[in-house]
Each structure stands twice: as structure tokens, then as C-alpha cells.
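Here the structure comes first, spelled out in C-alpha cells, and everything after it is commentary.
The values are calculated or read from the model by the stated rules, or taken from the named source; none is laboratory data. All figures in this text were calculated on a predicted structure; none of them were measured in a lab. Cβ placement follows ideal geometry from the backbone for every residue including glycine, while neighbour counts extend to all protein chains displayed.
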Amino acid sequence: MPRPRNKITKLTRMKFIIVLAFLAVALAAPQGDKKPIEIISSNSEMNADGSYSFNFESADGTKVSESGNQKKVGPKPEDIGTVSKGSYSFTTPDGVVLTVNWVADENGFQATGDHLPTPPPMPEHVVKMLADLKAAGLL
């Protein structure tokens, strides 16, 4: 009497599930001891007027600095927002130090850095159009 095909399929499926379970356990295992990176210096200041500043430096060369203050951003008395600026730098795996300087204000978030892409120059007709609008008092 031949073996039922359904039993072989169930047995094969069960073995496959067991192998997947072992694989999941193996992948979930800790990937080795990674020591926390030491913070070398850290300062922070919060003032009653809403201004603040903080900075820190870690042993791996990462540096972060930020400061901010309250600014009127609209016509109403309650239209107050925080204007912030700062920078951060870190070392890439190939040893290059990258620095980003940034500002966050009523114009949005603007980041600058030598490694960040820059937009192409504006076409000449756009430059002329903007100059004409400015001359006409529309900008």
C-alpha cells in the first residue's frame, strides 16, 4: 500500500518550519559585545525666557551643539516660535570627518555641509525674471 502523499507534504512542511525557527533564533542572537561610547563632555542650559543651549562630545569624535531662542513669527501675540541653530560632526568608517551646520527658523530647516549635494544654478531666464520682479517692486 503506497504512503499517502499528504503525510509526506505535512512532514516536509514541518521540517521546513523547524529549520526556519532555528534560523530565526540564530539571527536573533546578540551580535557581540558593543561597549557604549563614552561621553567626554556634556553641557546644557535652559533659561526662563525660553532660550536654551546644549552640546556634547563623545569618545568616537562625534560632536553636537545646538542653541535656540523664542522669536515672534506672526502678527498675534501668541505667534511665537523657537529659532534654533547648531551643528553636528562625526567620523565616517573610512576616517573622514563630516560636519553639518543647520538653522531652523521661520524659513524651515536649512542644513549646509561640504558633503551635502547642492542644487544646480538657476537658469538665466529665471535669474532675469527675478531681477525684473524685484525692479518692479514685486519681490
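Restricting attention to the stretch 31-43, does a residue exist that is surrounded by 12 or more Cβ atoms within 10 Å (Cβ to Cβ) and either assigned to a loop (DSSP other than H, G, I, E, B) or at pLDDT 90 or above (or both)? If you could, list the steps in order and put the result at the bottom.
Going through the stretch 31-43, the residues surrounded by 12 or more Cβ atoms within 10 Å (Cβ to Cβ) turn out to be 40.
If we keep only those that are either assigned to a loop (DSSP other than H, G, I, E, B) or at pLDDT 90 or above (or both) too, we end up with 40.
Within the stretch 31-43 (the criterion being surrounded by 12 or more Cβ atoms within 10 Å (Cβ to Cβ) and either assigned to a loop (DSSP other than H, G, I, E, B) or at pLDDT 90 or above (or both)), the answer is yes, since at least one residue qualifies.
A quick yes/no check of all residues on (1) closer than 30 Å to SER67 by Cα; (2) polar (S, T, N, Q); (3) surrounded by 11 or more Cβ atoms within 10 Å (Cβ to Cβ):
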{"position": "VAL100", "(1), (2), (3)": "yes, no, yes"}
{"position": "ASP105", "(1), (2), (3)": "yes, no, yes"}
{"position": "GLN110", "(1), (2), (3)": "yes, yes, yes"}
{"position": "LEU116", "(1), (2), (3)": "yes, no, no"}
{"position": "PRO120", "(1), (2), (3)": "no, no, no"}
{"position": "PRO123", "(1), (2), (3)": "no, no, no"}
{"position": "VAL126", "(1), (2), (3)": "no, no, no"}
{"position": "LEU133", "(1), (2), (3)": "no, no, yes"}
{"position": "LEU139", "(1), (2), (3)": "no, no, no"}
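Condition check ((1) among the small types (Gly, Ala, Ser); (2) more than 22 Å from the chain's Cα centre (by Cα)) across all residues:
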| residue | (1), (2) |
| --- | --- |
| SER53 | yes, no |
| LYS71 | no, yes |
| VAL96 | no, no |
| VAL103 | no, no |
| GLU124 | no, yes |
| MET129 | no, yes |
| LEU138 | no, yes |
* Yes/no for GLY81 being farther than 25 Å from ILE40 by Cβ, among the small types (Gly, Ala, Ser), modelled with pLDDT under 95 and under 16 Å from the mean Cα position of the chain (by Cα) -> no
* Asked: Of the residues ASP94, ASP60, ASP49, which is without any contact (Cβ under 8 Å) to a residue 60 or more places away in the chain and surrounded by 10 or more Cβ atoms within 10 Å (Cβ to Cβ)?
  -> ASP60
* For the subset of the stretch 11-46 comprising residues that are touching a residue at least 12 places away in the same chain (Cβ under 8 Å) and among the polar types (S, T, N, Q), which member is farthest from PHE90 (Cα to Cα)? -> ASN43
